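The values are calculated or read from the model by the stated rules, or taken from the named source; none is laboratory data. Model, not experiment: these values are computed from the prediction. Cβ placement follows ideal geometry from the backbone for every residue including glycine, while neighbour counts extend to all protein chains displayed. Just so you know, the surface numbers come from the protein's heavy atoms only, side chains and all, with ligands and any DNA or RNA stripped out. Shrake-Rupley method; radii C 1.70, N 1.55, O 1.52, S 1.80 Å.
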Amino acid sequence: MSRILLLEDDEALGRGICMALETPECNVMHCTTRLRATELLQNRVFELLIFDINLPDGSGLELLRQNGNLTPAILLTANDLELDEVTGLEAGADDYITKPFSLAVLRARVNIQLRRAVPAKPDRMELNGFVFDFAQLKFSQNGILIDLSKTEQRLLRLLVENRGRTLPRERLLDKVWDGGEFVDENALSVAVRRLRAKLGNAPIKTVYGVGYTWEAER
């Protein structure tokens, strides 16, 4: 499922955008302040950001800069000068839409960004003595084969493909168990514990109250 963070202080417009973009494959989380958006970015992973520029407690443009261009982003604004658009794109936005706009056009541009946000994933990775071959389903550490269950393989792939980023528990439950609605949350803790036991010194760290991360190499 794709997750979109919508930062728009006009609540009526925000509701309209949510209705236009929400699908079984796409969830939109709407907030109205820069402070709340900052909190959400610290605790969750999103596939796309949609930020209004002028906010009651700051600028969506500044928040975009702070996020470090890690996530595709679309800026919404009433400012239609060419300089404003250039400034937004140079700050890291992938698209720039001026108000008023058609929700159908916004939806089309969102779909473009979501398609671009799906990178080609390598099937084989080598990390500090580990070799993870997801195509051949062969996993080893220093040449010694490691037997992983299907659940552990899916969990491992999510962690290593997003190494250096904290993956929230809800995201892992959703991806590892194909929706996760009927899975006991304790199943994730058990799967992580078993994966750690099999991988030994793998840098799988718990981010308490949030989720798990595979620490990036320094």
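Observations, loosely collected:
- When the surface is traced with a 1.4 Å probe over the full set of protein chains, Lys175 keeps roughly 70 Å² accessible.
- Along its three principal directions, the equivalent ellipsoid of the chain from the Cα gyration tensor extends over semi-axes of 37, 18, 16 Å, largest first.
- For region 126-218, applying the loop criterion from DSSP together with a ceiling of 14 other beta carbons within 10 Å to the chymotrypsin sites (Phe, Trp or Tyr not before Pro) yields Phe182, Tyr208.
- Sparsely packed loop sites in region 9-82 (the GluC sites (Glu not before Pro) outside DSSP H, G, I, E and B with at most 13 other Cβ atoms within 10 Å) comprise Glu22, Glu25.
- Gain in span if fully extended, Ser140 to Val207, counting 0.36 nm per residue against the direct Cα distance: 21.5 nm
- With R₀ set to 30 Å, the beta-carbon distance separating Asn111 from Asn186 gives a calculated FRET efficiency near 0.25.
- For region 93-178: lysine pairs under 20 Å (alpha-carbon distance), excluding those fewer than 8 apart on one chain: 5
- C-alpha long axis of helix 103-116 to longest principal axis of the chain, angle in °: 30 degrees
- Relative to the longest principal axis of the Cα atoms of the chain, the long axis of helix 150-161 lies at roughly 50 degrees.
- On a per residue basis, region 33-137 carries 54 Å² of accessible surface, using protein heavy atoms and a 1.4 Å probe.
- Surface share of carbon and sulfur [accessible, 1.4 angstrom probe, percent] for the chain: 49 percent
- Angle in degrees between helix 11-21 and the longest Cα principal axis of the chain, rounded to the nearest 10: 50 degrees
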